Structure formats: C-alpha cells, structure tokens
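K.L.:
Dropping the structure in here first, questions after.
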Amino acid sequence: MNKISQKCAVYAAVINVLKENNVMFEDGMDAKVLLSTDMRKSVSNILMTGFTQKTISLESDQGDKLKSYVSGLISNHLRKDVRLNGGGKYETKNPGSRSGSTDPELKNLMALMTTLSDGPDREEVAGYIKARKVQLETDKTKSVTIDYSKLPEALKAKYTK
C-alpha cells in the first residue's frame, strides 16, 4: 500500500476540514486564521488516524508522543506551506539560535552566562562562548574529495599534491 507524504496529508486534512465547515479557501490564503480550535482538533484527529492506520508516512514510531508530534506538524505546515500560509516564503525568526545546542561545553557556558550579572565576568564568558562557536563551525568543514585530473592544467599543476 502506498503511503502519502506528511505534507500532502496535512494539506488535504486542512482543506477537507475547512470545506466541511463551509469555509471558503483557495491556495495561498492564510489557513491559520481560518481554522478555529475545533477545526484544528479535527485536522489533528484526521492525521492521528492516518498515522495509526499507517496510511501516512512516518519515519520512526512516535509512541505516546504522536499527539504532540502531530500538533507540531500542523503548526509547521501552516507556517511553511505556501498553499496554507498566505503565500509568503517562510523566514526563520532567529536564524542560528540553535547552533551548538547539542555541544555540552557550549550549553554549560550559556548556563553560566545566565547566572552572571557582573560586566567583566559576563564579557569573559561571552568570549569563551564566541570562541567555542567559532571552533564548532570550523569543525563542521566538509571533507571534500577532489579529482584533480578533471581540473584545468594550470590549477592541476598548482594544487596537485
């Protein structure tokens, strides 16, 4: 049996719920403002049923977290899908705000920063935070394989090791 994508499932559920409630909707309109709390619950129920019946693709079993997963899924698509968000391109509010969030050293530096109120101490910790972020970025550099035989002769001679 073919499963439908989550994007298609959210879009179809929103459209169906709006249609059932006699709400006029065309692609590109802002569906978030048209959905009442009860309509959003209906969309959620449709998606929950699709996931439990395995008609909607799901990479990993969410178990008891499925309800919150579906809520987030709906919010994401209402924000990002141009057919549902008023036609605008999605812009991240705080780009880079999660960078380094999985690094234990950076997490602890940030926690320490919240406990400090003194100017020089905060500046010192801020310096460590900045240095750690730079280190994490440089560690991310991609490993690249270059086929030097495909380069122009001048570059081949210059960069072949």
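K.L.:
Using only the alpha carbons, work out the radius of gyration and Dmax of the range 6-80 in angstrom.
P.N.:
Cα radius of gyration and Dmax of the range 6-80 are 12.0, 35 Å respectively.
K.L.:
Count charges around TYR11 for me, please; just the other residues with Cβ under 11 Å from its Cβ, Lys/Arg as +1, Asp/Glu as -1.
P.N.:
Result for the neighbourhood of TYR11: 0.
K.L.:
When a/c reaches 1.5 or more, the comparison of a/b and b/c decides; with that in mind, is the chain rounded, prolate or oblate per its Cα gyration tensor?
P.N.:
Cα axes put the chain in the oblate bin.
K.L.:
Give the angle, between 0 and 90 degrees and rounded to the nearest 10, that separates the Cα long axis of helix 119-139 from the longest principal axis of the Cα atoms of the chain.
P.N.:
80 degrees
K.L.:
If you don't mind, there's one more thing I want to ask. State, as an integer percentage, the relative contact order of the chain based on alpha-carbon contacts under 8 Å between residues 6 or more apart.
P.N.:
20 percent
K.L.:
Right, here's the next one. Can you pull out the trypsin sites (Lys or Arg not before Pro) in the range 21-84 that DSSP calls coil and that have at most 16 other Cβ atoms within 10 Å? Walk me through the numbers before you get to the answer.
P.N.:
Working: sites: LYS32, ARG40, LYS41, LYS54, LYS65, LYS67, ARG79, LYS80, ARG83; in loops: LYS54, ARG83.
Taking the range 21-84 and a limit of 16 other Cβ atoms within 10 Å, the loop trypsin sites (Lys or Arg not before Pro) found are LYS54.
K.L.:
Between 0 and 90 degrees, rounded to the nearest ten: what's the tilt of helix 66-80 against the longest Cα principal axis of the chain?
P.N.:
The two axes meet at around 80 degrees.
K.L.:
Now for a different question. Find how much the distance from LEU136 to GLU123 grows on full extension, using 0.36 nm per residue of separation minus their present alpha carbon separation; answer in nm with one decimal.
P.N.:
On the way: separation 13, 0.36 × 13 = 4.68 nm, distance 1.99 nm.
Gain in length upon complete extension: 2.7 nm.
K.L.:
Tilt of helix 37-52 relative to the longest C-alpha principal axis of the chain, in degrees (0 to 90, nearest 10)?
P.N.:
80 degrees
K.L.:
Hey, another quick one. Would you kindly state how much longer the chain becomes between GLU20 and MET48 on full extension, computed as 0.36 nm times their sequence separation minus their alpha carbon distance, in nm to one decimal?
P.N.:
Contour length minus Cα-Cα distance gives 8.3 nm.
Readers should treat all values here as calculations from the given coordinates under stated rules, not as data from a laboratory. Predicted model, so just to flag it, every value in this text is computed and none were measured. Note that each Cβ is placed from the backbone with ideal geometry, even for glycine, and that neighbours are counted across all protein chains shown.
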